[in-house]
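The values are calculated or read from the model by the stated rules, or taken from the named source; none is laboratory data. These numbers come from a predicted model, not from an experiment. Every residue, glycine among them, receives a Cβ derived from its backbone with ideal geometry; neighbour counts consider all protein chains shown. In case anyone asks, the SASA skips ligands and DNA or RNA and just uses the protein heavy atoms, side chains included. Shrake-Rupley method; radii C 1.70, N 1.55, O 1.52, S 1.80 Å.
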Amino acid sequence: MLNPVMMKAYLRRIYKIFLDAVFPSRCMICRVFFHHDRFVDSAGIEQTEPATLSFDNVMGRFLCRSCLLDFSEVGSPKCSVCGFMFKSRAGEDHVCGKCIGNPGRFRKARAYGLYDRSLRESIHRFKYHGKTYLADPLGFLLFSTFIRDWDPDDIDIIIPIPLHQGRLRRRGFNQTYQLIRKWPEWWENKKADPFPALIDQGMLFRKKNTGAQVGLGRKERIANIKGVFEVKNHSKIKGKNILLIDDVLTTGATANECVKVLLKNGAETVDVLTLAHTERHIL
Ligand SMILES: [Zn+2]
Ligand SMILES: [Zn+2]
């Protein structure tokens, strides 16, 4: 005999199978209808070890099979500092020539996947087309990368790259904060101890609006973003290890400017984590 909780879960599952059969899902990208059989729903996502979740599991209820396959995770060998993949698929992670010759201001940067095809389309829908229901699945992919690539005890403060107030008002939300706001909850679902880092979305702010960086070259981006960010409370970041979060890393101009400001204000180290980075294979 099933207890009432199990009975409820069982009935919910049957109901979902019924709904899926009668109302197939429609792929968010290519618009074909499909039946999903492999995805983990949001409750399931929260119960599963982040490291075992794949793009398929997390995005499987929004994308058809062929769009799910149209995705590239950032793999090894990659640069152990900037996180970009090497062209050669053999060998271990090591520091790339660019990071040796011109040490970045961040300690390390990592991205979940390449900014192309299905991941790019999903990020666009989330950012520009109001698909806020993508915050949790995309946020979970980011969270799984954090758990995989960092010792969470090593990070004191997590800061999303801020939007300017004007844009924040127009858009209604800072999409980067939406990606991380549930991390403590997800962590505490699995672990007995509280999430070790503090998420602080007000620590860094934009003192002026810059317009979008899209369409600008590398040098123009650097000039456009210079002097834009300010730290609200220096004493809180003094000696701290900070993790900066953004959705996409392209030239790195915005992230580098934030890193510079945080270090100037006394942060001990700054790392960068993004959902995607542009494809920039290095030799
Ligand atoms: Zn599709
Ligand atoms: Zn590098």
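Roughly how big is the chain's charge dipole about its Cα centre, with Cβ charges of +1 (Lys, Arg) and -1 (Asp, Glu), in debye to the nearest 20?
For this selection, approximately 1200 debye.
Could you state the per residue volume, in Å³, of the convex hull enclosing the Cα atoms of region 83-167?
Looking at region 83-167, the number lands at 161 Å³ per residue.
State the three equivalent ellipsoid semi-axes of the chain, derived from the C-alpha gyration tensor as the square roots of 5 times its eigenvalues, in descending order and whole Å.
34, 22, 20
Expressed as a rounded percentage, what relative contact order does the chain have, with Cα pairs under 8 Å and six or more residues apart?
20 percent
For region 76-156, which whole percent of the accessible surface, found with a 1.4 angstrom probe, sits on carbon and sulfur atoms?
49 percent
Which Rg and Dmax, in Å, describe the Cα atoms of region 195-276?
Rg and Dmax of region 195-276, Cα atoms, are 12.9, 39 Å.
Which of rounded, prolate or oblate describes region 116-253 when judged by the alpha-carbon gyration tensor and an a/c cut-off of 1.5?
oblate
Over the chain, average the accessible area per residue using a 1.4 Å probe and give it in Å², no decimals.
Value returned for the chain: 51 Å² of accessible area per residue.
Over 26 Å between C-alpha atoms is what I'm after, so list which of Lys207/Lys260; Lys8/Lys190; Lys232/Lys260; Lys98/Lys260; Lys131/Lys226; Lys182/Lys236 land there.
Lys131/Lys226
Got a number for the accessible area of Ile199? Probe 1.4 Å, square angstrom, nearest 10.
Looks like 40 Å² after rounding.
Short version: what are the Cα gyration tensor semi-axes of region 126-190, square root of 5 times each eigenvalue, largest first, in whole Å?
Three semi-axes, in Å: 24, 14, 9.
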